[in-house]
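Have a look at the structure below before the remarks.
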Amino acid sequence: MIAYHDEEWGKMKNSSQEIFEALSLEAMQAGLSWAIILNKRQAMRHAYANFDMVQLSRFDEADVERLMLDEGIIRHRLKIKAMIHNAQLALSIEESPQLPSFRDYIYQMAADFSHQLNNQEDDINQAMAKQLKKTGFKFVGPTIVEAFLEAIGVYNHHDSQCFLR
């Protein structure tokens, strides 16, 4: 937990794959503790092709069944299917000539909502969750969006005494 806090949490991500991994981990965390997610992260990286959107977008029902048997990961059928579905959507954004990369899409959306909503985080979380759901993403409610935006450095929710504040 300390290494994650000190080295990763709240820092801008450089690639679409890092953004997708952060979104996926936050979705997997719904209803669970973050410690569980961190303890299973390496196994999830292995099981989900290192969160490579191209590879993960090709997973099929046989892969879902294989993943349901993997004791090293979160075995929640809806979350597994959502991750595959979300990989397909993120990849379509990544490959679209009209849209920026998935990374830029996420950061630009957050910046746009932040500007439009005067940095009111609850409103930003609601608006971004609504837009992601409208696009088709799953497991992206306002609470997950807030944790995701914290993880990728949009919000700085480090304690006032934290050296990273």
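The values are calculated or read from the model by the stated rules, or taken from the named source; none is laboratory data. All figures in this text were calculated on a predicted structure; none of them were measured in a lab. Cβ coordinates were reconstructed from backbone atoms using ideal geometry, including for glycine residues, and neighbour counts include every protein chain displayed. In case anyone asks, the SASA skips ligands and DNA or RNA and just uses the protein heavy atoms, side chains included. Shrake-Rupley method; radii C 1.70, N 1.55, O 1.52, S 1.80 Å.
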Notebook entry, point to check: Where Lys and Arg each count +1 and Asp and Glu each count -1, what net charge lies around Asn14 among other residues with Cβ under 13 Å from its Cβ?
Noted result: -1
Check: Which of rounded, prolate, oblate describes segment 1-98, given a ≥ b ≥ c as roots of the alpha-carbon gyration tensor eigenvalues and a/c under 1.5 marking rounded, otherwise prolate only if a/b is larger than b/c?
Finding: oblate
Item checked: Given charges at Cβ of Lys, Arg, Asp, Glu: the chain dipole, positive-most of Leu164, Ala30, Ile19 -> Ala30
Check: How big is the Rg/Rh ratio for segment 12-165, C-alpha atoms only, Rh by Kirkwood, two decimals?
Finding: 0.97
Check: Ignoring ligands, DNA and RNA, what percent of the 1.4 Å accessible area of the chain is carbon and sulfur?
Finding: 49
Next item on the list: Keeping all protein chains in position, work out how much accessible area Met1 exposes to a 1.4 Å probe, and write it in Å² to the nearest 10.
Entry: 130
Next item on the list: Once you've got the GNM for the chain with C-alpha springs shorter than 10 Å, pick whichever of Leu78, Leu149, Leu67 has the biggest mean-square fluctuation.
Entry: Leu78
Item checked: Heavy-atom accessible area per residue - the chain, 1.4 Å, Å² -> 53
Notebook entry, point to check: Given 0.36 nm per residue, what is the gain on full extension from Thr135 to Tyr4 after removing their alpha carbon distance, in nm?
Noted result: 44.2 nm
Next item on the list: Using a 1.4 angstrom probe on the protein heavy atoms only, line up Thr143, Thr135 by accessible area, largest first.
Entry: Thr143, Thr135
Next item on the list: Please sort 18-26, 89-97, 125-133 by packing, taking for each peptide the average over its residues of neighbouring beta carbons within 10 angstrom, highest first.
Entry: 18-26, 125-133, 89-97
Next item on the list: Assign one of three labels to segment 70-160, namely rounded, prolate or oblate, based on the Cα gyration tensor with a ≥ b ≥ c the square roots of its eigenvalues; rounded applies when a/c is under 1.5, prolate when it is not and a/b is larger than b/c, and oblate otherwise.
Entry: oblate
